[in-house]
Amino acid sequence: MSTTSTATTAATGQKLQLRPVSGRIGIEVVDPDLDLLLHDDTARAELHRAMLHHHVVVLRGLAPTPEQHVVLAAALGEPIVPEDHLPKHPDHPMICRFDSAVGYKADRWHTDGTFRDVIPSAAVLVMRTGPDAGGDTTWTNCCAAYEELSGGMKALVDGRKCLHDQGPDAKAVHPVVVAHPDTGRPILFVNDIFSRGIMNLPPDESSAILPFLIRHASRPDFTYRHRWTEGDVVIWDNRSTQHYALFDFEGQRVVERVHVAGGPMEAYRLGDDAPGSNAAGEGPWA
Ligand code: SIN
């Protein structure tokens, strides 16, 4: 769905007023009301729908407490405990705290957790301590990335599977193109940090195609770049997006994140009439 329509509460009877923040990805809730977002089921359902349709939702200046942060995330599904290796909030076991002062960086494109069979469906990030300038985060719309591939490239990636790897106990295989579990839309599902190779292509072809797909997914016209103010909250659909945090700043940057439980990602398949499709079983690399 496009992000070009502006919904107003007066015109639609909706509880949240939404405004696009860029052409292909992202919507902002105008004057977000924390109380409404925590307690009103209709507003919370609208927030979830906005995330599914626009991929990224910006809530400026919301400044939730840690408890409110988790309740906000519960509007999108079931908040999950962070993996053991992740740095925790000192006072809340459901929250990860990423502090640049202790070496945190996320300055490569990625979707969180693709080295697991099941990845988080959503993430809710709060800026707690921001540098004076810099430290922006950029998200890209991987549905748009898939749509903009040529028909020939869509046929080539149809049925392909990619290895995602972060270490000995952190490996998973996912389709190169997955169907969004809620909207059914195709998503180009490879990323720079975790995707290692397309397993059912000859290695030489994989090493030519995969870097192209990763580069294509982050084309600037699929992206939204958020310039943070402390207290801002950004929600993203962790199936249909990738993100990249810029480490271009002086000083400290602390963000806190809650993940929401997801489910398995199934392949999206081109129709039978697509040219050259259905090569899933090819080659000894499968
Ligand atoms: C993340 O990678 O989940 C956090 C992104 C950020 O630090 O802006």
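Throughout, read-outs are computed from the coordinates displayed, never taken from laboratory work. Given the structure is predicted, the values throughout are model-derived calculations rather than measurements. For neighbour counting, all protein chains shown are included, and Cβ atoms are generated from backbone atoms with ideal geometry for every residue, glycine included.
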Legend entry - Where chymotrypsin sites (Phe, Trp or Tyr not before Pro) fall in DSSP loop in region 178-247, at most 16 other Cβ within 10 Å: Phe247
Inset, instruction - Please give the FRET efficiency for Thr65 paired with Val118, using the beta carbon to beta carbon distance and R0 = 45 Å, rounded to the nearest 0.05. - result: 0.95
Inset, instruction - Kindly write out, for region 247-261 in residue order, the coupling ³J(HN,Hα) from the Karplus curve 6.51 cos²θ - 1.76 cosθ + 1.60 (θ = phi - 60°), rounded to whole Hz, with x marking Gly and Pro. - result: 9, 10, 10, 9, x, 9, 9, 10, 10, 10, 9, 10, 9, 10, 4
Legend entry - DSSP-defined antiparallel bridges as percent of all bridges, the chain, nearest 5: 95
Legend entry - Which of Gln166, Gln242, Thr138, positive extreme of dipole for region 132-286 (C-beta unit charges): Gln166
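Assign one of three labels to the chain, namely rounded, prolate or oblate, based on the Cα gyration tensor with a ≥ b ≥ c the square roots of its eigenvalues; rounded applies when a/c is under 1.5, prolate when it is not and a/b is larger than b/c, and oblate otherwise.
Working: a/c = 1.88, a/b = 1.43, b/c = 1.32.
In terms of gyration-tensor shape, prolate.
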Inset, instruction - Under a cut-off of 18 Å between alpha-carbon atoms, report the lysines in cross-link reach of Lys88, not counting same-chain residues fewer than 8 places apart. - result: Lys105
Legend entry - Asp132 paired with Asp182, simple spin-label distance in nm, labels 7 Å along Cα-to-beta-carbon: 4.0
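Summing +1 for each Lys or Arg and -1 for each Asp or Glu, what net charge is found among the other residues whose Cβ lies under 10 Å from the Cβ of Gln14?
Numbers: positive: Lys15, Arg49; negative: Glu46.
Surrounding charge for Gln14 is +1.
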Legend entry - Helix 41-54 vs. the chain, principal-axis angle (Cα, 0 to 90°, nearest 10): 40
Legend entry - Within straight-line cross-link reach of Lys161, lysines at Cα separation under 22 Å, skipping those fewer than 8 residues along the same chain: Lys171
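Ala45 to Val173: FRET efficiency via 1/(1 + (r/R0)^6), r the Cβ-Cβ distance, R0 41 Å, to the nearest 0.05?
Step by step, r from the Cβ atoms, then E = 0.75.
With contacts defined as alpha carbon pairs under 8 Å and 6 or more residues apart, what's the relative contact order of the chain in percent?
Taking the mean separation of contacting Cα pairs over the length of the chain, I get 29 percent.
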Legend entry - Global geometry of region 170-223, whether rounded, prolate or oblate, following the gyration tensor of its Cα atoms and the 1.5 cut on a/c: oblate
Inset, instruction - Please work out the Cα center distance from region 79-139 to region 184-215, rounded to the nearest Å. - result: 24
